[in-house]
Amino acid sequence: MKKVEAIFRPEHFQDLRNKLETIGVNGLTVSEVAGCGKQKGQKGVFRGSKFEITLVPKIKVEMVVENEKVDEIINIIQSICRTNSVGDGKIFIIPIENAVRIRTGETGKQAIL
């Protein structure tokens, strides 16, 4: 099992969610996050005063999936979230040793299905 974490622009979330459902990925954890990378935030003017927003809003989606689905999920995330601009986001793949469903005690793959 692997944990796939994707951080990307908020406007892509609904399209990504819909596409993941079509391949059977239903268990997601979604967080509103903020961060900066190469884009280093944004500059703006408010009532004549310049200011800098150093953190940019993003969405973080986390899912634990079977190893066989990881490449397909990565391809889907890239196809939906890529704009070829700085700030498109990142995908992290993390090995998962085990999972336990609290309600039933199921472990491993059965706990994530």
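The values are calculated or read from the model by the stated rules, or taken from the named source; none is laboratory data. Every value quoted in this text rests on a predicted model; they were computed, and no experiment measured them. Please note: Cβ atoms are built from the backbone with ideal geometry, for glycine as well, and neighbour counts cover all protein chains shown.
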From the options 83, 107, residue that is touching a strand residue (DSSP E or B) at 6+ places or on another chain (Cβ under 6 Å), surrounded by 11 or more Cβ atoms within 10 Å (Cβ to Cβ) and either within 19 Å of residue 30 (Cα to Cα) or among the β-branched types (Val, Ile, Thr) (or both): 107
Extreme residue, modelled with the lowest pLDDT, among residues of region 40-65 that are within 16 Å of residue 10 (Cα to Cα) and part of a loop (DSSP other than H, G, I, E, B): 41
Residue 60 in contact with a Ser or Thr (Cβ under 6 Å, 6 or more places away or on another chain) and touching a residue at least 24 places away in the same chain (Cβ under 8 Å): yes
Scope region 90-104; condition touching a Lys or Arg at 6+ places or on another chain (Cβ under 9 Å) and either loosely packed, with under 10 Cβ neighbours inside 10 Å or modelled with pLDDT under 95 (or both); matching residues: 95
Meets criteria (of a type in the set (A, V, I, L, M, F, W, C), closer than 23 Å to residue 21 by Cα and in contact with a Pro (Cβ under 9 Å, 6 or more places away or on another chain)) for residue 59: yes
Sole residue being over 28 Å from residue 86 (Cβ atoms), at pLDDT 85 or above and either out of contact with any Lys or Arg (no Cβ under 6 Å at 6 or more places or on another chain) or not in a helix (DSSP H, G or I) (or both), chosen from 32, 68: 68
